[in-house]
1. Can you tell me which residue within region 380-393, out of those that are farther than 20 Å from G67 by Cβ and either open to solvent by 50 Å² or more (accessible area, probe 1.4 Å) or more than 21 Å from the chain's Cα centre (by Cα) (or both), is nearest to the ligand (Cβ to nearest atom)?
2. Can you name the residue in region 46-57 that is open to solvent by less than 10 Å² (accessible area, probe 1.4 Å) and more than 9 Å from the ligand (Cβ to nearest atom) and, of all such residues, is farthest from D5 (Cα to Cα)?
3. What's the total number of residues in region 333-353 that are more than 13 Å from the ligand (Cβ to nearest atom) and either within 12 Å of the chain's Cα centre (by Cα) or surrounded by fewer than 23 Cβ atoms within 10 Å (Cβ to Cβ) (or both)?
4. Every residue in region 131-156 that is at pLDDT 95 or above and open to solvent by 40 Å² or more (accessible area, probe 1.4 Å), please.
5. Taking S209 as the residue in question, decide whether it is out of contact with any helix residue (DSSP H, G or I) (no Cβ under 6 Å at 6 or more places or on another chain), of a type in the set (G, A, S), away from the ligand (no atom under 16 Å from the Cβ) and closer than 22 Å to R317 by Cβ.
6. Out of S312, S356, S330, S396, report the one residue that is within 16 Å of the ligand (Cβ to nearest atom), modelled with pLDDT of 95 or more and either surrounded by fewer than 24 Cβ atoms within 10 Å (Cβ to Cβ) or within 21 Å of H52 (Cβ to Cβ) (or both).
7. Please work out which one of (1) touching a Gly at 6+ places or on another chain (Cβ under 6 Å); (2) at pLDDT 95 or above; (3) not β-branched (V, I, T) is the condition N298 fails and give its number.
Amino acid sequence: MVNSDVKDISLAAKGKLRIEWAWKTMPVLASIETRFAKEKPLKGVRLAACLHVTTETANLARVLKAGGAEVAVCASNPLSTQDDVAAAIVKEYGISCYAIKGENHETYYEHIRKTLALEPTVTMDDGADLVSTIHKDYKQLIPKILGGTEETTTGVIRLKSMAAEGVLKYPILAVNDADTKHLFDNRYGTGQSTVDGIVRATNRLMSGSYFVVAGYGMCGKGVAMRASGMGAHVIVTEVEPVRALEAVMDGYSVMPMDEACALGDIFCTVTGDIHVIRSEHFLKMKDGAIVSNAGHFNVELDLATLDKHTKSKRTIRDFVEEFTLTNGRSIYVLGDGRLINLAAAEGHPSSVMDMSFANQALGTEYVVKNHKKLEKKVYTIPAEIDREIARLKLVSMGIHIDTLTAEQQKYLGAWEHGT
Ligand code: ADE
């Protein structure tokens, strides 16, 4: 049975066209679909997926269904849903979907609960809200769950702390830890889509601006690289010395937020941690500063303390909230401090999600086939899956690479040779 709670089912035809457009640059997932349709490796699986409801997610859901799974999808963020896609998932592809762009906190969790009515045997998460809801409020479902997958850095961190505390009750494959995920999706995907979101929301010129990136993990590296590529002067803030050093050697200015806050025209947090920009920073910002977040949760900007110093607020354009402070300056917060690349733009482009979601599809198949061998831990995607996805992506791009000669292979295995 197909169930749903979407904004407007009549948007389905428009959503289908956009899903088909994305599919044109998802060749790795397409090759998996062909095999899944033949072999049905997910036959009998009931799969609950808590993901950003985008054109790419719709294609993943179709592939999982082609593999034999019964699928239900809900949003992994209240602001990331594409309403036409949610409608198409239901009406065009016959998959249950619960997601409305702009849903409040209560509806967000109600949608997770509705997805759990499927009584999943496999979970697929982006941020671990689905898994944590199961572990807190739906423990009765756990005995039937074979395992799950997790898409993002923040979710993997949460799940690893559950495992460390001994409370994780089934195995999880960390899709984020695959090289074909974080080296590409986190860097090139977040880099492009975050700058895209900021530009769509503000229509401001990057060139010549002072752009502060908080956090220099893979996502921060991508954002810094793309902002710099558009002519911004990039300033990086970091807490980890090796990453800070990398940022210096990549050519960026590095300093504490306490100094950067007075210099930036545009700010973007990508740390995965809480209250990275706080009241002491907001109060030192220039008049007109633009503040955004591309980390998973909306906790990186301390908006509650910003409110305390705010005289008046208004929405000045879509996804742009003007805060006029008691010091007379105005600060512009984008997308309520939620993932700006999904709130104001469309998330990562499909050709990079192709690899992330190939990991999701093959990771799910791996969990289903190997769950008896897996412990209640967080596992990295097996290296063979990771390499095969890279190989398929290269083939789809028409790129050939060298292979080791027998002599080279032997040399690499020998320790006797010196100068
Ligand atoms: N996360 C970032 N971009 C995404 C996209 N386009 N679809 C699903 N999840 C995403």
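The values are calculated or read from the model by the stated rules, or taken from the named source; none is laboratory data. Treat the numbers as computed from the prediction; the structure is a model and nothing was measured. Cβ: placed from backbone, ideal geometry, glycine included. Neighbour counts: every protein chain shown. Calculation scope for accessible area: heavy atoms of the full protein, side chains included, ligands and nucleic acids excluded. Shrake-Rupley method; radii C 1.70, N 1.55, O 1.52, S 1.80 Å.
1. Per the stated criteria, the residue is T380.
2. Residue satisfying both the conditions and the ranking: L47.
3. 1
4. K136, D137, Y138, K139, Q140, P143, K144, L146
5. yes
6. S356
7. (2)
Let's see how each residue does on (1) open to solvent by less than 20 Å² (accessible area, probe 1.4 Å); (2) at pLDDT below 95; (3) within 14 Å of the ligand (Cβ to nearest atom); (4) not in a helix (DSSP H, G or I):
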| position | (1), (2), (3), (4) |
| --- | --- |
| S10 | no, no, no, no |
| G15 | yes, no, yes, no |
| A22 | yes, no, yes, no |
| V28 | yes, no, no, no |
| T34 | no, no, no, no |
| N59 | yes, no, yes, no |
| V85 | yes, no, yes, no |
| I89 | yes, no, yes, no |
| Y93 | no, no, no, yes |
